[in-house]
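Report on one structure; see the data block that follows.
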Amino acid sequence: MSRTPLDTVEHAAATPDVELPWAELGLKKDEYERVVEILGRRPTGAELAMYSVMWSEHCSYKSSKVHLRQFGEKAPQSDALLVGIGENAGVVDVGQGYAVTFKVESHNHPSYVEPYQGAATGVGGIVRDIIAMGARPVAVVDPLRFGAADHPDTKRVLPGVVAGIGGYGNCLGLPNIGGEVVFDACYQGNPLVNAGAIGVMRHEDIHLAKASGTGNKVILYGARTGGDGIGGASILASETFDDAKPSKRPAVQVGDPFQEKLLIECTLEAFAEKLVVGIQDLGAAGLSCATSELASNGSGGMRVTLDDVPLRDSTLSPEEILMSESQERMCAVVEPEKVDRFLEICDKWDVIATVIGEVTDGDRLEIFWHGGKIVDVDPRTVAHDGPVYERPYARPEWQDALQADDAGKLPRPATGDELKDQVLRLVSSPNQASKSWITSQYDHFVQGNTVLAQPEDSGMIRIDEESGLGVAIATDGNGRYAKLDPYTGAQLALAEAYRNVATTGAKPLAVSDCLNFGSPEDPAVMWQFAEAIRGLADACQQLGTPVTGGNVSLYNQTGEAAIHPTPVVAVLGVIDDVARRTPVAFQEEGQLLYLLGDTLEEFGGSAWSQVVHDHLGGLPPKVDLERERLLAEILISASRDGMIDSAHDLSDGGLVQAVVESALLGGKGARLVVPDGLDAFTFLFSESAGRAVVAVPRSEELRFNDMCGARGLPVTRIGVVDGDAVDVQGEFALSLDELRTAHEGTIPALLA
Amino acid sequence: MTARIGVVTFPGSLDDRDTQRAIRLAGAEPVALWHKDKDLKQVDAVVLPGGFSYGDYLRAGAISRFSPVMGTVIEQAKSGMPVLGICNGFQVLTEAHLLPGAMLGNNHLHFICRDQKLRVENTDTAWTADYTAGQEIHVPLKNMDGRYVADEHTLDMLEAEGRVVFRYLDFNPNGSLRDIAGITNEAGNVVGLMPHPEHAVEPLVGTGRTDGLPFFTSILKKLVNA
């Protein structure tokens, strides 16, 4: 795009009729006209580059903004929230002077185009968001969705994604403690690679992305800027894939985790010496984003000399430098007298750092190149005043028929042998099978604070060695439920993550979400999106867990086929003493198994309906948030007071899936009795929400029952930890060996 | 009195703080060493921790081996100072020729993280005296390039001289020849292994075992009694 003469502001004003490639850069006609209106002239090439990336769907949330507002409007009162939506990541008070920041983001589109680098840079991006808040990253989680497990392309995408997450995260020294892996044909051309990270800091160390103080220096540090990832946000993440267009591979960034590890250490050292006024990471939209956001959040303007940006490729044009999404870069605002020390720390870590500009007393963002002014804008118009769309939405006409196709009418197993056969099929199905082939490619142990990691219900990290203070995180989302009813599906995602955190003994505090949907230009998808947000915002309000931030990923569709609406919800919890955590695995023979909550005939969207009947229809399980809250309180109390030795939440796959997992992890079987009033099939396979199975030592039986009775939580004794089989009395028994072979063999057979 | 044990931080070291914690839990004093400093700050022993020093670019451990701190470590190791290399540290020790053989990529080509069963085969080294000969322990393993190789002659020599310190049991996680997980030099002061004893020192975190703690109590006793 470089042209002669240099397209300066002056030149642009003098040549109003020059045609610019706004359409190629992803801007719509009316959006371009709005830019011209804001500037009072045509934009320069550099300005156009900035507006096009910053006004992309990915960066501007233009289709989702009107709905996302509900997270703020319905936000529950929470003393825990220190920094809310709008910053790089939300920050939560976890007590003892500690603050925790966490966030989930998507890197879906790049991971389909180039699985390894797409997934790797997804980890890199979320980790930089955490550092930018002033925190040391302490763990990552990765909720993943792939196409059918036996589809040939899954064998291309999944191993690449997993190796990319491992290759990057392992090299950063971050334990991978949670996440999910789900297969469904709807994700065939649109895998979902969401990445979450947690960071810990002291309250006083919270940093924000703003440039203040006239004369303060703007320092770009980290990797040199190259031609990779140009237009990543605008072209890749904001458009539907189309077979007819050329490969988008050049728009995917390439990651260097070693550089990022140095960036972490050098940034934290600079924070520790109080050298940083404001900070922003360079992710989507690169320098365009960092400079415009820093400037618009601060009190003054900013002047940047683009010639000073260290380049990997000296032929890059100024527009390309502004749009480049080269990884492992950050931008700090530093007082002039502290610049030398800042540069010294960067040098210690062999990190390239360059002063590229300064904060000015005006309110303009001005960028210079070869002596000419190529950008002169109000940074707010770039960073915050992007277009806002009220996209039309409508309940799809097929929704009624889908909901009417009740899974309750599907043929059920009639005999013990049929039950046994279907249990084996369930626990060996790709979605229910052990994912250890995948998770063993991630480091769980590094940093030495991992208390729980997958396949536990939530990942748990100790944050204070003396007091035992810890945090837990769980991510959940069931696209099948959300397809049947997006409002309820989103609430079920929150309920499950909330429950998973409580099951391990931690108190749920706050929420981050990654909302993965199809094209917002399709009214049916937009309806799913609107409903899911409404559901999630309502549920967060009721459970008292505010949404602290997150990410929206739209255009997850190929041609007409959109993915299932897939809101992935992360819940962060706190536990006063990690020694009180509750694991999934059965601990001791003879302990009594109790089912907490009510079991109804709920099979819509269930794993059973998928595995046995390849069916999706009816309604998802009902949500009772007050019940979820009560269940959580009981689980947390029971864990704190030592009344339970293991616990497992019930979700996809129902009770039998949970019991099999606890048995295999503990190497101890269970004898189960079908309770009065339930048939064996419903008992084993129902996916009613608000339930968990706990193992209670006999000495605690009375106390535990009294507590549940006094608080009004239904509790049913269903059996005992015993033997080397899962034995459903009067129906069937499956040996642990047989279950282990079924449960652990599937994924390696498909992918190894 | 206690012992001062240095832990080197290379760019890309990951388990340096964890190793310092393990040293502290064993009752010794951890001392942070920086790769650009030749000065070992009068430590009595040195641990080269795990991680991906220099990103493992070129070859694991190949660049770190030439860092200023390694010049001093190599010199001191040759005159008897105890040195332990864990994972990436083991790779650095082989690159530095303080230990024979080399490490290649895992035979299955994946990173692997698991609770690994090992047998302690040599309790005469500076780092293993607190184990009993033949003791079976579980220590976390996590690596990409953990396949120990050496020529037949070297392997036979290591076996004959009792210098195989740890062997993988039940499952060889990376294709290491003769199931070798860790070895020592002739003098027994330099030990390298792929598994991570510093992640098995507290019952609450990691795999919930403390089978790695004797590494650090062994060296402490040796130094204090010296």
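The values are calculated or read from the model by the stated rules, or taken from the named source; none is laboratory data. Because the structure is predicted, anything quoted here is derived from the model rather than measured. Backbone-built Cβ (ideal geometry, glycine too); neighbour counts: all protein chains shown.
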> Quick check, is A:PHE529 crowded, with 24+ Cβ neighbours inside 10 Å and either within 23 Å of A:ASN516 (Cβ to Cβ) or under 22 Å from the mean Cα position of the chain (by Cα) (or both)?
Replying inline: yes
Taking the range B:54-73 and keeping residues in contact with a Phe, Trp or Tyr (Cβ under 6 Å, 6 or more places away or on another chain), in contact (Cβ under 8 Å) with a residue 24 or more places away in the chain and either over 18 Å from B:ILE112 (Cα atoms) or not in a helix (DSSP H, G or I) (or both) leaves B:SER64
Scanning the range B:98-114 residue by residue, those in contact (Cβ under 8 Å) with a residue 60 or more places away in the chain, within 9 Å of chain A (Cβ to nearest Cβ) and assigned to a strand (DSSP E or B) turn out to be B:ILE112
Note: among A:LEU595, A:LEU536, A:LEU616, just one is in a loop (DSSP other than H, G, I, E, B), more than 14 Å from chain B (Cβ to nearest Cβ) and not basic (Lys, Arg), namely A:LEU616
Residue hits (the range B:128-172; within 14 Å of chain A (Cβ to nearest Cβ) and not charged (D, E, K, R)) are B:HIS138, B:VAL139, B:PRO140, B:LEU141, B:ASN143, B:MET144, B:GLY146, B:PHE171
Counting only residues that are farther than 17 Å from B:GLU198 by Cβ, within 14 Å of chain A (Cβ to nearest Cβ) and outside any strand (DSSP E or B), the range B:16-52 contains a total of 3
Inset, instruction - Report yes if A:ASP142 is acidic (Asp, Glu), touching a residue at least 24 places away in the same chain (Cβ under 8 Å), buried (at least 24 other Cβ atoms within 10 Å of the Cβ) and over 19 Å from A:VAL574 (Cα atoms), otherwise no. - result: yes
- Query: Somewhere in the range B:70-86, is a residue within 14 Å of another protein chain (Cβ to nearest Cβ), under 15 Å from the mean Cα position of the chain (by Cα) and closer than 28 Å to A:SER440 by Cα?
  - Reply: yes
Open item on the list: Residues that are modelled with pLDDT of 95 or more, over 30 Å from A:ASP485 (Cβ atoms) and crowded, with 16+ Cβ neighbours inside 10 Å: does the range A:411-420 have at least one?
Closed with: yes
Selection over the range B:175-226 where residues are within 30 Å of A:ARG580 (Cα to Cα) and away from chain A (no Cβ under 14 Å) yields a count of 3
Going through the range A:389-442 in order, the residues found to be assigned to a helix (DSSP H, G or I) and under 25 Å from the mean Cα position of the chain (by Cα) are A:SER436, A:TRP437, A:ILE438, A:THR439
Over the range A:159-173, the set of residues surrounded by fewer than 24 Cβ atoms within 10 Å (Cβ to Cβ) and more than 10 Å from every other protein chain (Cβ to nearest Cβ) is A:GLY160
Exactly one of A:SER688, A:SER662, A:SER646 is surrounded by fewer than 24 Cβ atoms within 10 Å (Cβ to Cβ), under 16 Å from A:LEU635 (Cβ atoms) and in contact (Cβ under 8 Å) with a residue 60 or more places away in the chain, and that residue is A:SER646
The condition of being touching a residue at least 24 places away in the same chain (Cβ under 8 Å) and either under 30 Å from A:VAL157 (Cβ atoms) or surrounded by fewer than 20 Cβ atoms within 10 Å (Cβ to Cβ) (or both) holds, among A:ASP706, A:ASP724, A:ASP737, only for A:ASP724
Taking the range A:35-60 and keeping residues at pLDDT 90 or above and not in a helix (DSSP H, G or I) leaves A:GLY40, A:ARG41, A:ARG42, A:PRO43, A:THR44, A:TRP55
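Is it the case that A:ALA585 is within 14 Å of another protein chain (Cβ to nearest Cβ), in contact with a Gly (Cβ under 8 Å, 6 or more places away or on another chain) and assigned to a loop (DSSP other than H, G, I, E, B)?
So A:ALA585 fits the description; yes.
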When B:GLY12 is run through (1) within 29 Å of A:GLY166 (Cα to Cα); (2) crowded, with 24+ Cβ neighbours inside 10 Å; (3) more than 14 Å from every other protein chain (Cβ to nearest Cβ), the failure sits at (3)
